[in-house]
Amino acid sequence: MTIERSAHLQAEPPQVVVPRIFNECQQSLATHRRGIKQLVKCRRSSGESFSKVFQECLLRVFVVNKREPSVERLVKLVASFAAYRDQEHAEESDAFLEELLGFLLRFADSSQKSVRFRVCQLVSEVMLLLGDDVELSDNLWDELTVGMHRRIRDKVPTVRFFAARALGRLVSPDDSGDFDTDTTVMQYRIALANDQNVDVRKMVVMSMPPSNSTIADIVERSADVNEVVRKVVFTVLGSKFPIQSLSIRQRTTVLKRGLNDRQPTVRAECVKMLIDAWLTRDCGGDPFTLLRYLDVETNESVGEAVLQQLLKGQLIKVEDSTGLNQFLSQSEGFQTKSVKLLEAEQAIFWRMVCGFLQSEAQVKGLEAASTGGAEALVNAADAAEKSELLEKLLPPTVAEYVELVNAHLVAGPSHRFVSRNLLMLAKLLDFSDAVNRRAAANLIQELLFEKALEAEQNVEIFRDGLHLGAEKEWATAVAELAQKVHGAVGELVQVIAEIVRELARPCREGGANAMQWLQCLAVTGLLLENLQSVRRLSGCSIDAQEIMDGVLIPAAKHIQMEVQQAGVRWLGLFCQLEDRPNMRALKQICLAARSGNFLVQHMALKALFDLILSHGVVVVDRSMQMVSDLRASPELNSSGVETSHVAENNTGQKENDEKREKNQPVLKFLAEMLDQKTIEEEVDHEISAERETRTSVVAEGFAKLLLQSKTCPEILDTQNLIIGKLVQLYFSEDTKFDIRLQQCLSVFFQAYASLGAANKRCVAKAFLPVLRSEWPGLTPSRSVSQGNVAARKKRATQMARFMLQLLKQKLLKVQETSDQTKHKDTTQQPADGTHNNEEEDGEDSRQTEGEEPDSGHEELAIIIATEVTRFPSKRSWAGKGYRELLCKVAASLHFRASQQEAIKCMRKLLDHMIDAMKGEKLICKELNAMVNRLKAMDKTPEEGLRDEQVQHLLDRLGIHVAENEETNPEPTQPSTTRTLRKVAAKRSQRVSATPDRIIQTPMPPPRTDRPQRTCKTETLQKIKSKIALESRAIKFDSTTTEDELDST
């Protein structure tokens, strides 16, 4: 029977075999192997007629766009059959393959997206299944490459996905073996940079050939916005690229991004790449080799993160014989071996291992104390085991530890990294014995003086006055060692004060060079950082007054900018530690804030903001006034340095500046640094991007003041102005590359808007001034050119939407509750002096239970309405877009049902807005929808407000009537029709109030209540239901021609 059935199948024509196999393969993958054998036999017996029938049946697949499982099984069968190479008839298989690929390329540029999708899918499946020994003709190779290049730029994402997948087998290196000049790689780079689809970028990363020229493109995608692409990057790097092929910067960048990623799946994939590929495969399991590849001396944080992962995974086996003891001096008979110096990788390795063992011992000990029974015994045994192992790894005595540290200190600057890591191990040692403390105290003396080190190294150590040893980590390590050794109350302060007295002697007596000043200031800063109040200096070898008069103030007046910078920093900290700051010190800080040197000025500005937070604005204002009086003296220049004379031709200008700056509050002085003119001047100076700009320092300081407004109530008088300036700064073109500033403001705005309803009202009051100043053509002081009009309009629209988003942001639950229970007498007063008389507003102004607090929506909507209605009827290129934007914002604001008076007032003003926006159908549609919403919320819609009531509400909101106010200084085109003049005259008579004050708010996306087109919706639903009833499998009862495909 089997022989007869086989003979029967061979006798069947392809018109019968191909449709039957195509139908069977859609049911299950188990029939594919048998189907491929039958198709091979049929092709061998039928000759050229087989290809024609096969292609005609394949046409039916092209019209199916949905990826049904049955159709996907059929595509897999076709690809497997095309890639199958019969060894006995290899030429016949290769000819069929080339003929099929050529047939597919004929439809690659079809106008139907389903055809392009299936063609690219089939080509990619066939190319992936082809063996390495299969050869394609040069013409077909070029045609496939060009066709897939066109499809990787297709508008359909699925087409681009499979085109990128197919191009993975169509790359060809140049003579040097690199792919830098390959056209496919160029297309891949364009797709990575510009394609918005996640799957396309993922497939491009997976298909990119491994080479030196493509590593940078793949590493760059480790910061992709989508976690799927980031995860694939680590998979590709681990499987295709050895660690030796990446540069040090690329290795550290990849690990820094992967180990700190916010998604656990991405972090897990990065750890897998690190352990399985780089450590085990490329480094042979040796952690020291891995650390050498990472250059831990330069990238210490990356080395710490890597060792932390290895220790957590228990991939580091520590033996008792190893540790720091192998580097100590040893005696063998009559010979004594000197201390063996550690390498950078060994130093960070043993520091991390010892720290990990101590933390694990503490955790196990706490668990043993909190549990009982057998579990407590097991935890206690683990803690004891780790503690015992830690003792074996550390030096036996403190004296040997000090000897080891001294050996590396004497070795020179090249071993400074190792010395610092050894100093950080001091917190793990026991200094309870007096002998041990005495040995460590001598080491601290040498570290603070640094005289013996200079003498032995015969080189002058670099200092900056801000940190001991010009390195923050070094200063922290020395401070931790000093606190460990001198742990008694007041002992550390007395020891450092004695050293400060010795270092300050040449500075007070004169003759000290800049390096001596910087060393004295660094140790003085270490002393101040370990104080809670300057009163703790009483009884020490040097008191607070001597430090200020003999060290800090002279340093702030020093001719060297580095000494000035350090002096101003520690002078600010000194003032914070005082109960009442010294006015001389405050004056010097204020003088430095006006200095021309940006390093000193930045430090002074930070000190001013810190002093405002700690002591208040009044104290700083008093010193600012004294500085204004002091600037009239010819004995001081702008930086506070004493001079012998001042040029006479500058006297008149200084007198004018003195009059302008006298009695100027400190907040106003700081706010002026956020002006656009000041920012442009700072950009012109081309300050290095690695340093903080003056604008970023001031913006960060104001962000702290606004978030801590309870401790600084004076900021409430100017917070509307400050918020507006910060919003403009956030969207400014001059600060878009200041990453620190952008991150600071991004976090600030989200936190500020969610802390309370009063902050939202402040944002609302800042809306209109920002929009007026940014909208082109409204401000006469700013020139408008045709080139930047569109950019300024776009930026103003983004500002409006951003501020509206802040207004709609949800409040924190804790703050929301406190706002509802807060007494009305403690509510914020507006900046213009008007009062929110909530008790006089009656029932309507009271917040009902469960209702949202007042976020300024009603007030902003009313002010926007008065702004729109007071514009003249003459149309202009600036006023038209400005009013349209305002109307969209007003239509997006929400009113509370309890504010009946505001609802009635807005309903009356909406009539004027609709009258003013006649001719703008979409805007009028949104305004009419708002009218309907307010009418539904109005409890007494038939009762309106009289003009006196409207005027009373506007006065309470701070909107003053100014009928003859010029609100549109821009010249507008005259009206040419009589109808427009009548409408303008009629509208000007209706407007009964005009806002004199301007309010700012974030603008939301416009709300449009578009009615559903029921006819089209019902038709689409019928079509979908009809398609769902049909069979999802493709029936191949008869063959399909190309003409039938076109008709379909």
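The values are calculated or read from the model by the stated rules, or taken from the named source; none is laboratory data. Given the structure is predicted, the values throughout are model-derived calculations rather than measurements. Counting neighbours? That spans all protein chains shown, and the Cβs are built from the backbone with ideal geometry, glycine included. These area figures cover heavy atoms from the full protein model, side chains too; ligands, DNA and RNA do not enter into them. Shrake-Rupley method; radii C 1.70, N 1.55, O 1.52, S 1.80 Å.
At a glance:
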item	result
Loop-located chymotrypsin sites (Phe, Trp or Tyr not before Pro) in the range 285-390 whose Cβ has at most 16 other Cβ within 10 Å (DSSP)	PHE334
5 angstrom amide H check on GLU852, placed H, neighbours 5+ away	none
Karplus 3J(HN,Hα) series, Hz, for the range 697-706 with 6.51 cos²θ - 1.76 cosθ + 1.60 (x for Gly, Pro)	5, 5, 5, 5, x, 5, 4, 5, 5, 5
Restricting the range 282-327 to GluC sites (Glu not before Pro) in coil, as DSSP defines it, with at most 13 other Cβ within 10 Å	GLU319
Value of relative contact order over the range 81-211, rounded to a whole percent, pairs C-alpha under 8 Å and six or more apart	20
Per-selection Rg to Rh, the range 156-296 - Cα, Kirkwood hydrodynamic radius	0.98
Accessible area of the range 149-219 divided out per residue, in Å², using a probe of 1.4 angstrom	43
Simple label model, 7 Å out from Cα along Cβ direction - LYS939 to ASP180, nm	7.8
Gain in span if fully extended, GLN263 to ARG20, counting 0.36 nm per residue against the direct Cα distance	82.6 nm
FRET efficiency for ASN325 and ASN226, using Cβ-Cβ distance with R0 set to 45 Å, rounded to 0.05	0.35
Members of LYS392/LYS484; LYS37/LYS66; LYS888/LYS939; LYS765/LYS794; LYS760/LYS888 lying beyond 27 Å, as alpha-carbon distances in this model show	LYS37/LYS66
Förster-model FRET efficiency, 56 Å R0, GLU135 and LYS736, C-beta, rounded to 0.05	0.60
Magnitude of the charge dipole, the range 35-137, Cβ model with Lys/Arg +1 and Asp/Glu -1, debye to 20	760
Inter-label distance, nm, simple model (7 Å from Cα along the C-beta direction), GLN27/GLU852	6.0
In order through the range 467-479: 3J(HN,Hα) via Karplus (6.51 cos²θ - 1.76 cosθ + 1.60), integer Hz, x for Gly, Pro	9, 5, x, 6, 8, 5, 5, 5, 4, 5, 5, 5, 5
Cβ-based charge dipole, the range 181-326, positive-most Cα from GLN314, ASN194, SER222	ASN194
Separation in nanometres of the label points that stand 7 Å from Cα toward Cβ, at GLN112 and GLN949	6.7
Karplus-derived HN-Hα couplings along the range 73-88 (A = 6.51, B = -1.76, C = 1.60, θ = phi - 60°), whole Hz, x at Gly and Pro	5, 5, 4, 5, 5, 4, 5, 5, 5, 5, 7, 6, 10, 6, 5, 6
Sparsely packed trypsin sites (Lys or Arg not before Pro) within the range 258-365, loop by DSSP, other Cβ within 10 Å at most 15	ARG262, LYS317, LYS340
